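**Student:** Submitted below is the structure of interest, expressed as structure tokens.
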Amino acid sequence: AQTVTQSQPEMSVQEAETVTLSCTYDTSESNYYLFWYKQPPSRQMILVIRQEAYKQQNATENRFSVNFQKAAKSFSLKISDSQLGDTAMYFCAFMDSGGGADGLTFGKGTHLIIQP
Amino acid sequence: GAVVSQHPSWVICKSGTSVKIECRSLDFQATTMFWYRQFPKQSLMLMATSNEGSKATYEQGVEKDKFLINHASLTLSTLTVTSAHPEDSSFYICSARDPDTFSQPQHFGDGTRLSIL
């Protein structure tokens, strides 16, 4: 079974700063997907970014980028030019690539607070 | 984009009542849907995998007789919390995968807040 660890329960930065959220995982699989989800107070799950394990290039989506280190089993999220609307819970998640029958394994989350 | 509808969004009921939550994929057919539970200030935990036309697969520690899952069509899965008690109060979220987009992540419903008095 895989595990996902987020070691930062809460982080707070000033608006416009850059912040990095950490995530490590453990798996014996070679092919898998990793995700970062944002959950605002509305509790809606919003996909921020995803990474296929077989791709060496780090994924980027506008202000969001990841640092994927497969050998170290690390998958950190960098948010550049942070905005007040980025305030939310952020969950790192793992999904096995086999057959589409697997649910997501989530980390415990990081509560990110962007200060004005 | 793909949309998953979950209903109801909030339900309050008395202890001992059974509550049904619906999860629908609106613009794709989902052979597999997933049910998660999220307690306050905690992460999402996978409860079970709902398979169209067959029995659900439950995660360890989840009582299958307590949480009944039915996936009778390619667009609808239901979760019934039977004889609910206050400890079942939680946020329940469903998700579905579009089989035509294998590499795409799961599409989440907006969740159901269940409060048992």
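The values are calculated or read from the model by the stated rules, or taken from the named source; none is laboratory data. Bear in mind the structure is a predicted one, so any value in this text is a computation, not a measurement. A quick note on method: Cβ atoms are made from the backbone with ideal geometry, for glycine too, and the neighbour counts reach across all protein chains shown.
Yes/no matrix, rows are residues, columns are (1) within 12 Å of chain A (Cβ to nearest Cβ); (2) in contact with a Pro (Cβ under 8 Å, 6 or more places away or on another chain); (3) modelled with pLDDT of 95 or more:
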position	(1), (2), (3)
B:Trp35	yes, no, yes
B:Lys41	yes, no, no
B:Gly53	no, no, no
B:Ile93	yes, no, yes
B:Gln104	yes, no, no
B:Gly109	yes, no, yes
B:Ile116	no, yes, yes
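**Student:** Right, something else. Among what's in segment B:22-31 and is modelled with pLDDT of 90 or more and under 13 Å from B:Ser95 (Cβ atoms), pick the residue that is surrounded by the fewest Cβ atoms within 10 Å (Cβ to Cβ).
**Tutor:** So the residue we want is B:Arg24.
**Student:** Follow-up question, since we're still on this one. Considering only residues that are of a type in the set (A, V, I, L, M) and farther than 21 Å from A:Thr24 by Cβ, which ones fall in segment A:49-87? Don't jump to the end; show me each part of the working.
**Tutor:** Step one: of segment A:49-87, the residues of a type in the set (A, V, I, L, M) are A:49, A:53, A:59, A:66, A:71-72, A:77, A:79, A:84.
Result: A:Leu84, single match.
**Student:** Next question, about the same structure. Within segment A:101-116, track down each residue that is more than 22 Å from B:Ser43 (Cβ to Cβ) and either among the polar types (S, T, N, Q) or within 14 Å of chain B (Cβ to nearest Cβ) (or both). Before you say what the answer is, go through the steps one by one.
**Tutor:** First, the residues of segment A:101-116 that are more than 22 Å from B:Ser43 (Cβ to Cβ): A:115-116.
Within segment A:101-116, A:Gln115 is the sole residue that qualifies.
**Student:** OK, next. Hey, any hits in segment A:87-95 for a residue that's more than 14 Å from chain B (Cβ to nearest Cβ), within 23 Å of B:Met45 (Cα to Cα) and not aliphatic (A, V, I, L, M)?
**Tutor:** yes
**Student:** For A:Ile79, are the conditions met, namely being away from every other protein chain (no Cβ under 14 Å) and surrounded by 15 or more Cβ atoms within 10 Å (Cβ to Cβ)?
**Tutor:** Criteria met by A:Ile79.
**Student:** Next question. Restricting to segment A:1-40, give me the number of residues that are assigned to a loop (DSSP other than H, G, I, E, B) and modelled with pLDDT under 95.
**Tutor:** Taking segment A:1-40 as the starting set, the residues that turn out to be assigned to a loop (DSSP other than H, G, I, E, B) are A:1-2, A:6-9, A:15-18, A:22-23, A:27-31, A:40.
After this cut, where a residue has to be modelled with pLDDT under 95 as well, the list is A:1-2, A:27-31.
Residues that pass the stated criteria total 7.
**Student:** Can you name the strands (runs of 3 or more DSSP E) wholly within segment B:1-64 that have at least 1 residues being more than 16 Å from B:Phe108 (Cβ to Cβ)?
**Tutor:** B:10-13, B:19-25, B:44-51
**Student:** Of (1) at negative phi; (2) surrounded by 15 or more Cβ atoms within 10 Å (Cβ to Cβ), B:Gln42 satisfies all except one. Which?
**Tutor:** (2)
**Student:** A further question follows. Select, from A:Gln2, A:Gln44, the only residue that is touching a Ser or Thr at 6+ places or on another chain (Cβ under 6 Å) and within 14 Å of chain B (Cβ to nearest Cβ).
**Tutor:** On inspection, the qualifying residue turns out to be A:Gln2.
**Student:** So if I check each of B:Ser89, B:Ser73, which one is away from every other protein chain (no Cβ under 14 Å) and either acidic (Asp, Glu) or closer than 20 Å to B:Ser43 by Cα (or both)? First the steps, then the outcome.
**Tutor:** Details: B:Ser73 fails: either acidic (Asp, Glu) or closer than 20 Å to B:Ser43 by Cα (or both).
Every option except B:Ser89 fails the conditions.
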